[in-house]
1. So if R0 is 25 Å, what FRET efficiency would F30 and I69 give, r being the distance between their Cβ atoms, rounded to the nearest 0.05?
2. Set the Förster distance to 25 Å, then compute FRET efficiency between K120 and T95 from the Cβ-Cβ distance, nearest 0.05.
3. Quick one: which residues, 5+ away or cross-chain, put their amide H under 5 Å from the amide H of T95? H built at 1.01 Å from N.
4. With θ set to phi - 60° and the Karplus curve 6.51 cos²θ - 1.76 cosθ + 1.60, what are the ³J(HN,Hα) couplings of the stretch 99-104 in order, to the nearest whole Hz, using x for Gly and Pro?
5. Over 28 Å between Cα atoms: which of K21/K111; K62/K111; K3/K111; K35/K58; K45/K110; K35/K110 fall into that group?
6. Starting from the exponent 0.38 and prefactor 2.2 Å, build the expected Rg for the stretch 1-42 from its residue count and divide its actual Cα Rg by it.
Amino acid sequence: MKKYESIYHDLLALIENNKIKAGEKLPSEFDLQNKYQASRDTIRKALLLLSQNGYIQKSQGKGSIVLDINRFNFPVSGLTSFKEIASDIKGKVETIVHTCECIEPDEEIKKLLMLKSGTKVWYIERVLDILPMPKGRGFLDTNDTCLLK
């Protein structure tokens, strides 16, 4: 197991066992570097995994806030649209699209989507207005394959 994965699992256990509660800030990147004797890059990879898996919301200059992992009951298997999930949420739910454009993807996205050079993708940046839901980004290739980050 790589070091950032080990740090991810350690922080995840703290969150899941309520040692760090929803709404609380994680220690700073600097403090985590000292605690785990790890580089800044290693800490950032662990935090990115927590963010991608819905455990924290990172905010530049403000740190990482632990999200309430029990707030929404997202299905684990099967295909369910956000519209179907939103119908179970009380209150108004709205998707606000900030950016939707056809772009030339960077090398990382080309590799993840297994695209040939010259293939364009749709870059979509949106906000799901059910606070405190984090901002979402997605890429669609011209064959409608989707990769969400």
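Bear in mind these aren't lab numbers, they're just calculated from the coordinates by the rules spelled out. Predicted model only: the values in this text are computed from it and were never measured. Note that we place each Cβ from the backbone using ideal geometry, even for glycine, and neighbour counts take in every protein chain shown.
1. Using R0 = 25 Å, I get an efficiency of 0.45.
2. In this case the efficiency is close to 0.65.
3. D129
4. 9, 8, 8, 8, 10, 7
5. In this structure, K21/K111; K62/K111; K35/K110 lie more than 28 Å apart at Cα.
6. 1.16
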